[in-house]
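Computed from the coordinates by the stated procedures, all read-outs in this text should not be read as laboratory data. The structure presented is a predicted model; accordingly, all values stated were derived computationally and were not measured. FYI the Cβ positions are ideal-geometry reconstructions off the backbone, even for glycines, and counts take in every protein chain you see.
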Amino acid sequence: MTVVQIRPARLDEVSTLNAFIARSARALSKGYYSDADIEALVAYIFGVDTQLIHDTSYFVVERDGALIACGRWSDRRTLFGGDQTKTAEDPRLDPACDAARIRAFFVDPDCARTGVGRALLAHAEDAARAKGFHRAALMATLPGVPFYERLGYHAVERVEHPVHGGMHVNFVRMERSL
């Protein structure tokens, strides 16, 4: 019997998670971004935000002990990016007026479109609701947009984000009520 478990990520998993994120992004972003864009995202945007591991809002999904997905929600102001994008303190949000942050979901390419991402998102949204949030916001990659739209998120704006060396990569800021 296959056992799927969602649990909080641990600090001793950061290097494993960063390697997993890079593998997932490289495989699942093809056709949406150029190879150069994908490599820039992996180097300068995607990665673990260790503050969220400390906050216990960074989750991993395992099937029979093997990592098959990771993602996080946050009650902090940062909308996206890993440790390499942080330059200042990341203050907490007020659930009475702010939207919880849904932060970067990555799925094993062999498990894409099997419901793993949906289960992880539901888990993250439930955790945000439990903290009093009534809305969620995220910055979707282009391959993520159809996934989030199917789950009730709507586009707020298209964003051309500077990455490195004059490069810009397209994202879509999205929101929904919880």
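About the centre of its Cα atoms, the chain shows a dipole size close to 380 debye [charges on the beta carbon of Lys, Arg (+1) and Asp, Glu (-1) only; nearest 20 debye]. Geometric descriptor of the chain, per residue, is 114 Å³ (volume of the convex hull of the Cα atoms). Per-residue Cβ neighbour counts within 10 Å put Cys111, Cys70, Cys97 in the sequence Cys97, Cys111, Cys70, beginning with the fewest. Going by the alpha-carbon gyration tensor, a ≥ b ≥ c the square roots of its eigenvalues, is the stretch 103-175 rounded (a/c under 1.5) or, if a/c is not under 1.5, prolate (a/b greater than b/c) versus oblate? Here the stretch 103-175 falls in the oblate category.
Taking the square roots of five times each eigenvalue of the Cα gyration tensor of the stretch 68-124, the equivalent ellipsoid has semi-axes of 25, 15, 6 Å, listed largest first.
Largest GNM mean-square fluctuation among Gly117, Gly152, Gly166, using the chain with Cα springs under 10 Å: Gly166.
Neighbours of Asp108, meaning other residues whose beta-carbon lies under 10 angstrom from its beta-carbon, give a summed charge of +1 when Lys and Arg score +1 and Asp and Glu score -1.
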